[in-house]
Structures are given as structure tokens and as C-alpha cells.
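Worksheet: the structure to be examined is printed underneath.
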Amino acid sequence: MTSADTQSFFPPDGWRARSFVLRSWRAGDGAALFEAVDSSRSHLRVFMPWVDKHASPEDSERYARDACARYLTADKCDMAVLAPDGRVLGGTGFFGHDGWLAEGMGEVGMWVRADEAGKGLASRVLAELLRWGFTDWPFLRLSWRCSGDNRASARVAEKAGMRLEGVLRSYSVDPDGTRHDIQLYGIQRHEWVAR
Ligand SMILES: CC(C)(COP(=O)(O)OP(=O)(O)OC[C@H]1O[C@@H](n2cnc3c(N)ncnc32)[C@H](O)[C@@H]1OP(=O)(O)O)[C@@H](O)C(=O)NCCC(=O)NCCS
């Protein structure tokens, strides 16, 4: 995809994998999203500071509608990970700084609900996101950041073939002032094609 093409790029609606679907959040997703977050609070809270913003189904509905609008304008492309029956398994997405799509650079984020964690889901989702991102999206490079304390997240990136590119020392700060290193992983399209 050339930079001229990226001016007219609109995010594709979704991606169907064997055991899940990735798609933009939509109006009406609030109750299912709230159920997934509410049943996973202690699991998510360690690394996902946004979890308590979902204090009610209405908060989650507002988030789903905002996320849908941002997806349509390619401002930030948060997505649902849905089971074939529509259950919310987690959330993921592509995002970046201003001009991210024109520059072919995106970052991937992800969370998995507590009762689906440890079953290989995040590894499967990241593999599909790379496949989708390097084919239907204009990415030349995708990255992943995680706390140096988040071994599960680091393993997900490593298993997808992302390379540890650096450590941002003492880069994130918890509300109580505790500081953590951030590990930055990345993969370029030609590396993904060569795999
Ligand atoms: C991190 C997270 C996305 C991983 O999802 P998941 O579906 O459980 O991941 P997978 O089952 O694909 O497992 C990935 C790898 O991590 C390993 N792993 C899991 N927990 C681990 C831990 N506490 N320490 C070390 N490795 C761990 C698994 O064994 C697996 O590696 P393996 O296949 O070599 O055995 C999920 O736990 C989560 O949502 N955590 C809270 C939110 C979060 O931290 N998101 C990432 C932000 S960067």
C-alpha cells in the first residue's frame, strides 16, 4: 500500500479466525463488555489501569460507542474479541500516534477475560492480528509494549515472532508512585512475511 493509498484507507470491519472474531466495538456491546470486565477485575487491574472506568454497564456502553466512532475514523482502533456465540473473550486493537497509518506503524494492545486466560487465546489473537495487519491494513511495522513484570504478555509477543527492541527504564508509574520498566517488542512486515 502506498502513502497515497493510506489517505483513503478505512479500517476493515473485522476478521474471522477459527475460534473467534475480531471486530470494532459497537453500540449495544456494553452489557457483554461489562460482564467480561466485571468478572475479571483482579486479573486485569494489575496491568490495565482503565478497569475501574467500567463501573456499570452504562459506562461500558459509552466506551463501546466512543470506541466505535474512533474506529470508523481510524483515530484508534479498539476491538472486541468475540466467541462464535458472541461472548466477549477480551479486547485488542491497533493504535498509534498522529499519522500512524500513513507511516505504516501501529501498536497492538490486548486483554483476555480471567476465565479464558492461560489457554493460548492471546497467542492466537496476536498471530491473527499480525496476519490481518500485514495484509488488509497498511502496516509496515507493529509493536507491543508491556511491563517488565508482565511475563505472560512478554511471552505472547515472543511467541508471535516479535523481537525485544528495547527497555524503557522506569517508564511507567503506578498511582502509588511505584515505577516499572517497559519492554518494547516489534516486528516488521518483511520479517513476518519471511516467517
Ligand atoms: C497477558 C494476557 C493477555 C495473556 O493472555 P493469555 O491468553 O493468558 O496468554 P496465552 O495463554 O496465549 O499464554 C502466553 C504465554 O504466557 C505464559 N504465561 C502465562 N502466565 C505466565 C506467567 N505468570 N509467567 C510466565 N509466563 C506466563 C504461558 O505459559 C504462555 O507461554 P507458553 O505457550 O510458552 O507456555 C492475559 O493474561 C491478560 O489479559 N492479562 C491482563 C491484561 C494484560 O496484562 N494485558 C497485556 C498488556 S501488555
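Worth a mention:
- In segment 147-167, the residues that are in contact (Cβ under 8 Å) with a residue 12 or more places away in the chain and in a helix (DSSP H, G or I) form Cβ pairs under 6 Å with partners that are hydroxyl-bearing (Ser, Thr, Tyr) and surrounded by 14 or more Cβ atoms within 10 Å (Cβ to Cβ), at six or more places apart or across chains, as follows: 156/123; 157/185; 159/123.
- Qualifying residue in segment 65-87 (condition: of a type in the set (S, T, N, Q), surrounded by fewer than 19 Cβ atoms within 10 Å (Cβ to Cβ) and either in a helix (DSSP H, G or I) or touching a residue at least 24 places away in the same chain (Cβ under 8 Å) (or both)): no
- Test: residue in segment 126-134 that is surrounded by fewer than 21 Cβ atoms within 10 Å (Cβ to Cβ), closer than 17 Å to residue 20 by Cα, over 16 Å from the mean Cα position of the chain (by Cα) and within 13 Å of the ligand (Cβ to nearest atom): no
- Search result, residues across segment 150-178 that are charged (D, E, K, R) and at pLDDT below 95: 174, 176
- Of all residues in segment 175-185, exactly one satisfies the criterion of being touching a residue at least 40 places away in the same chain (Cβ under 8 Å) and not in a strand (DSSP E or B), namely 175.
- Top-ranked residue in segment 139-155 [being more than 10 Å from the ligand (Cβ to nearest atom) and not aromatic (Phe, Trp, Tyr); ranked as surrounded by the most Cβ atoms within 10 Å (Cβ to Cβ)]: 142
- Of everything in segment 104-122 that is more than 18 Å from residue 23 (Cβ to Cβ), without any contact (Cβ under 8 Å) to a residue 40 or more places away in the chain and crowded, with 17+ Cβ neighbours inside 10 Å, the residue that is farthest from the ligand (Cβ to nearest atom) is 105.
- Evaluation of residue 100 against the conditions (1) surrounded by 13 or more Cβ atoms within 10 Å (Cβ to Cβ); (2) assigned to a loop (DSSP other than H, G, I, E, B); (3) within 15 Å of the ligand (Cβ to nearest atom) shows that the sole unmet condition is (3).
- Residue 21, sole failed condition from (1) closer than 26 Å to residue 172 by Cβ; (2) at pLDDT 95 or above; (3) β-branched (Val, Ile, Thr): (1)
- Residue match in segment 29-45 (condition: part of a loop (DSSP other than H, G, I, E, B), of a type in the set (S, T, N, Q) and touching a residue at least 60 places away in the same chain (Cβ under 8 Å)): yes
- Residue 172 vs. criteria surrounded by fewer than 20 Cβ atoms within 10 Å (Cβ to Cβ), farther than 18 Å from residue 43 by Cα and hydroxyl-bearing (Ser, Thr, Tyr): yes
- With respect to the conditions (1) touching a residue at least 60 places away in the same chain (Cβ under 8 Å); (2) under 30 Å from residue 149 (Cβ atoms); (3) buried (at least 17 other Cβ atoms within 10 Å of the Cβ), residue 54 falls short on a single one, namely (1).
The values are calculated or read from the model by the stated rules, or taken from the named source; none is laboratory data. What you see is a predicted model; the values in this text were computed from it and never measured. Cβ atoms come from the backbone with ideal geometry, glycine included; neighbour counts cover every protein chain shown.
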